Number of protein chains: 2
Amino acid sequence: MGEFELIDRFFRRPVRRAALGVGDDCALLNIRPGMQLAVSTDLLVEGRHFLSTVDPARLGHKALAVNLSDLAACGAEPLAFTLSLSMPRPDERFLAPFAQGLLALADRHGIELVGGDTTAGPLTLGITVMGEVPPGQALRRSGARAGDVLWVSGFPGEARLALEVFRSTLSLSEDDFHAARRAMELPEPRVALGLALRGLATAAIDVSDGLLGDLGHVLRASGVGATLRLADFPRRPLLARQPVAVQRMALLTGGDDYELLFTAPEAAGPAVQAAAAQAGVPVQAIGRITATPGLQALDEAGAPLDLAGWAAFDHFKS
Amino acid sequence: MGEFELIDRFFRRPVRRAALGVGDDCALLNIRPGMQLAVSTDLLVEGRHFLSTVDPARLGHKALAVNLSDLAACGAEPLAFTLSLSMPRPDERFLAPFAQGLLALADRHGIELVGGDTTAGPLTLGITVMGEVPPGQALRRSGARAGDVLWVSGFPGEARLALEVFRSTLSLSEDDFHAARRAMELPEPRVALGLALRGLATAAIDVSDGLLGDLGHVLRASGVGATLRLADFPRRPLLARQPVAVQRMALLTGGDDYELLFTAPEAAGPAVQAAAAQAGVPVQAIGRITATPGLQALDEAGAPLDLAGWAAFDHFKS
């Protein structure tokens, strides 16, 4: 099966919103008048971002989900995406479910695959996603102000439990492992929440590399500090039944959940809750922005917690 | 050196046209009112699209050039691009010249690197480029009509000579090899020509996989055929001094020159020449579009040439 046949067979679909889709030198997209284009790109490498044993349908979902999550963190409305796919050889048993998982998520968000490139090589997935946002309304990392409340969506940390099982450093019951693995492999990009937070959140980021590290980006970009209250972090039974040290590790350094971490003025609390309800996503206040730079944390009993030694995940560190 | 430091050190530059550049979840771009967005993406894999011995500065140039070439083939004006970079480990001796070559070409086209992703993995480069084009004015593959003249820009085939030297199937003098290698490693995307051909060319494509294969895409998309006249193909001394069989192979199946192949009505000939002169790129009429599907060719003496056996380069064939 050659490159062009492969594109045709698994990825070509009727053009809807795009003026011209897969199959010409460029895709053409109509941007609504007055909207800014939001763009984000991610590269997933086998053995680094996913295991060779992953279900291809889940991999297709996740490859797009992590990119949609970036749009969510900007409060942008998804529009279209491109896919670059390098694989050792065209493998129908991989491509059919991969395309199914990818395009199912695309359909749920009403976006189109408008272009791509396929080639022989190590299994690598590159996606660039494009969205629209009204000028001045994009959520950025740099807007957090002292006194703002720090919020997180969903139940961060669950995905990390599955990773620890794969690393053989944690044992879970079969049901718990399935739930944790689902959190890791099928993250739900918080697009609706990001849209609902426009005009409310002062800063936002999606947690992909670990909450501490990603919060650090917000604090540095905003020139502020923060205090976290571990007691207020959301924990479902899956996480709550783990040892406290595991809970903290998962909550503070777990990435892969792709939840939104965002700040808003205290007075906006009810509006934030209403936005979350409208988006169908639970949110929880977990701390506060401080004028003093640096990150402090209070443990489950309210005592200071030493954060030294918790390092952010870095794709070039092992 | 970690991922974030790496991005900062080699790729972060002041934001110019983009509203928000590298360093947030998304880049934000202003699209001029009423313009369509043109998008294209390419993935380059070491050992497949470039050799490990390539000069990193030239690789940086080429990685962006092949994407700009897609915009050129659409008649789109380049706006911005994203870069995904997977490499075994951060290597300053590679990254510094790579970024220099990449950003020098970007500067010449007035476009910005607005986002990216870097990760550990096999050396792989993914670029997505974005441009603007007025609605209805993009050059497409599907507009060729019977009677149109088939044109090509520049001097296709020279890049292929360098590839054959690397394959040890051809010997060149040192000067000729340097010239051919330059054609292969430093292709000049025909952006100005693509813009000048708006409203003139009926169809266009950039020759990346070989002239026959890329012409085939135009013919299929347009539902027409073509006759090529080998005698009219442009040949500089570098190519003309090779054996005729090598010349034909290079002209008909060589990719990597990233010249534009386009069609225009016969009456538009003087306007095409004027557009080419304005863009500073030579163009040459090399054939004609026919109503009968299929591809015919006349050799240098005007006799029919059998094209069977000339296959288009396919990234999944060896």
Checklist entry - Can you give the convex hull volume per residue for the Cα atoms of region A:3-133, as a whole number of Å³? => result 96
Checklist entry - What is the set of long-range amide H partners of B:ALA297 at a cut-off below 5 Å, with H atoms built 1.01 Å from backbone N? => result B:LEU228, B:LEU305
Next on the checklist: Could you derive backbone 3J(HN,Hα) for region A:49-58 from the dihedral phi with the Karplus parameters 6.51, -1.76 and 1.60 (θ = phi - 60°), listing whole Hz in sequence and x where the residue is Gly or Pro?
Outcome noted: 9, 7, 8, 5, 8, 5, 4, x, 5, 5
Item to check | Peptide B:44-50, shielding by other chains (average Cβ, 10 Å cutoff) | outcome: 4
Checklist outcome for this item: Scoring only Lys, Arg, Asp and Glu (+1, +1, -1, -1) among other residues with Cβ under 10 Å from the Cβ of B:ASP176 yields -1
Next on the checklist: How much of the DSSP bridge set in region A:79-227 is antiparallel, in percent, rounded to the nearest 5?
Outcome noted: 45
Item to check | Distances in nm from B:ASP107 to the matching label points in the other copies, shortest first (labels 7 Å along Cα to Cβ) | outcome: 4.9
Checklist entry - Taking amide hydrogens as modeled 1.01 Å from N in the peptide plane, which residues meet the under 5 Å criterion relative to B:THR290, leaving out close sequence neighbours? => result B:GLY147, B:GLY225, B:ALA226, B:THR227
Next on the checklist: Suppose every Lys and Arg Cβ carries +1 and every Asp and Glu Cβ carries -1, with no other charges. What dipole size does the protein assembly as shown come out with about its Cα centre, to the nearest 20 debye?
Outcome noted: 740
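Counting DSSP beta bridges in region A:149-298, what percent are antiparallel, to the nearest 5? Could you put the intermediate results ahead of the total?
Working: 17 of 22 bridges.
If we restrict to bridges inside region A:149-298, about 75 percent are antiparallel.
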Next on the checklist: Just to make sure I understand: if all protein chains stay in place, what is the order of B:ASP214, B:ASP232, A:ASP175 by accessible area at 1.4 Å, largest first?
Outcome noted: A:ASP175, B:ASP232, B:ASP214
Checklist outcome for this item: Expected integer from the mean partner chain Cβ neighbour count at 10 Å over B:111-118 is 4
Checklist entry - Ignoring ligands, DNA and RNA, what percent of the accessible area of chain A is carbon or sulfur (1.4 Å)? => result 52
Next on the checklist: To test your reading of the geometry: what angle, between 0 and 90 degrees and rounded to tens, separates the Cα axis of helix A:211-222 from the longest principal axis of chain A?
Outcome noted: 80
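Scaled to the compact-protein estimate 2.2 N^0.38 Å, what is the alpha-carbon radius of gyration of the protein assembly as shown, rounded to two decimal places?
This ratio for the protein assembly as shown stands at 1.02.
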Next on the checklist: Excluding ligands, DNA and RNA, what is the accessible area buried between chains B and A, summed over both sides, using a 1.4 Å probe, to the nearest 100 Å²?
Outcome noted: 5100
Checklist outcome for this item: What helix-only [θ] at 222 nm does chain A give? Using -39500 (n - 2.57) per DSSP H run of at least 4, over all residues, to the nearest 500, the answer is -10500 deg cm²/dmol
Item to check | Within chain A, longest stretch free of exposed trypsin sites (Lys or Arg not before Pro) [DSSP loop, at most 12 other beta carbons within 10 Å] | outcome: A:17-166
Checklist entry - Counting only DSSP beta bridges with both residues in the protein assembly as shown, what percent are antiparallel, rounded to the nearest 5? => result 75
Item to check | Heavy-atom surface of chain B, accessible at 1.4 Å and reported per residue (Å²) | outcome: 37
Checklist entry - Could you give me the ³J(HN,Hα) list for region A:191-198, computed from phi with Karplus coefficients 6.51, -1.76, 1.60 and θ = phi - 60°, whole Hz, x at Gly and Pro? => result 4, 5, 5, x, 5, 5, 8, 4
Checklist entry - Which whole-number percentage describes the relative contact order of region A:3-133, with Cα contacts under 8 Å and a sequence gap of 6 or more? => result 39
Checklist outcome for this item: For region A:149-298 (alpha-carbon point model, no solvent) the Debye-based log₁₀ I(q)/I(0) at q = 0.12 Å⁻¹ works out to -0.47
Checklist outcome for this item: When the charge dipole of the protein assembly as shown is computed with +1 at the Cβ of Lys and Arg and -1 at the Cβ of Asp and Glu, the Cα pointing farthest to the positive end, of A:SER142, B:THR128, A:SER86, is that of A:SER142
Item to check | Cα gyration tensor shape of chain A, rounded if a/c is under 1.5, else prolate or oblate by comparing a/b with b/c | outcome: oblate
Item to check | For region A:62-186, projected area of the alpha-carbon convex hull averaged over all directions, nm² | outcome: 11.0
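The values are calculated or read from the model by the stated rules, or taken from the named source; none is laboratory data. Since the model is a prediction, treat every value here as computed from it, not as a measurement. Ideal geometry is used to build each Cβ from the backbone, glycine not excepted, and the neighbour counts take in all protein chains shown. What goes into the accessible areas is simple: the full protein's heavy atoms, side chains included, and nothing from ligands, DNA or RNA. Shrake-Rupley method; radii C 1.70, N 1.55, O 1.52, S 1.80 Å.
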